[in-house]
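Scroll down for the structure; my scribbles are underneath it.
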Amino acid sequence: MLDVPEFLKPAMTGETMREQEAEMAKNRKPSLFSLKGQLLDQGRTDTMLAATEDLTLRLKIYASGGENELHAHTSEDHSFIVLQGSARFFGPEGEMVELTKHQGIMLPKGNYYRFYATSEEPLVMIRVGNPYLGKQANPTRVNAKGEEMKGDSKENKKVETVFREGAYFGD
């Protein structure tokens with residue numbers, strides 16, 4: 001039988017996330033995961049939950065007001081599903097949609113977007129992507145000028161992560 005799902009720590013750098021994803025993608029058996037994640041007072045976290053060569057699942061947590069910059073993924077279709085809080089997503093021409101709990105958005109590869117957490121409570125989302133980074137062309141993420149933009153860069157509005165002591169989603 002499968003083991004009980006374990007609480008996974010977030011990847012604090014893009015490199016760590018890529019390493020975790022590559023290791024998980026080697027697995028050819030069913031895997032369990034937990035949607036538990038520590039809430040934040042500042043910043044954002046990205047926790048790799050499960051991965052194969054053709055699908056990735058991440059738990060993303062943003063503090064209230066947390067955001068990213070306009071970008072596109074060059075060879076990955078992906079989706080966000082809001083589990084807690086709300087987020088405002090923007091397209092390249094200023095198009096806007098507000099997503100709340102149990103709503104989501106599908107973003108085919110090449111579509112530019114950005115979002116920020118609009119709720120007072122931290123934003124918690126599931127991110128589903130296809131394929132995993134090891135099968136994607138470089139650069140995997142580009143800014144509005146078409147230049148590479150790392151997810152954990154200042155250009156992508158990365159700030160110091162401050163965890164909320166003793167507060168978790170999924171408890």
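The values are calculated or read from the model by the stated rules, or taken from the named source; none is laboratory data. Here the structure is a predicted model, which means the values were calculated and not measured. Here the Cβ positions follow ideal geometry from the backbone for every residue, glycine too, while neighbour counts run over all protein chains shown.
Check segment 1-20 and report whether any residue there is among the basic types (Lys, Arg), more than 23 Å from residue 150 (Cα to Cα) and part of a loop (DSSP other than H, G, I, E, B). No, segment 1-20 contains no residue that is among the basic types (Lys, Arg), more than 23 Å from residue 150 (Cα to Cα) and part of a loop (DSSP other than H, G, I, E, B). If you go through segment 99-132 and pick out every residue that is part of a strand (DSSP E or B), in contact with a Phe, Trp or Tyr (Cβ under 9 Å, 6 or more places away or on another chain) and surrounded by 13 or more Cβ atoms within 10 Å (Cβ to Cβ), you end up with 15. Of the strands (runs of 3 or more DSSP E) lying entirely inside segment 21-88, those carrying at least 3 residues that are farther than 24 Å from residue 153 by Cβ and at pLDDT 95 or above are 77-84.
In segment 156-169, the residue that is farthest from residue 101 (Cα to Cα) out of those that are surrounded by 15 or more Cβ atoms within 10 Å (Cβ to Cβ) and not polar (S, T, N, Q) is 158.
Every condition in (1) within 15 Å of the chain's Cα centre (by Cα); (2) buried (at least 17 other Cβ atoms within 10 Å of the Cβ); (3) not acidic (Asp, Glu) is met by residue 143 except one, and the failing one is (1).
Pairing each residue of segment 105-124 that is touching a residue at least 24 places away in the same chain (Cβ under 8 Å) and within 23 Å of residue 146 (Cβ to Cβ) with any residue that is among the charged types (D, E, K, R) and part of a loop (DSSP other than H, G, I, E, B), provided the two are 6+ apart or on different chains, yields C-beta distances under 8 Å for 109/76; 114/69.
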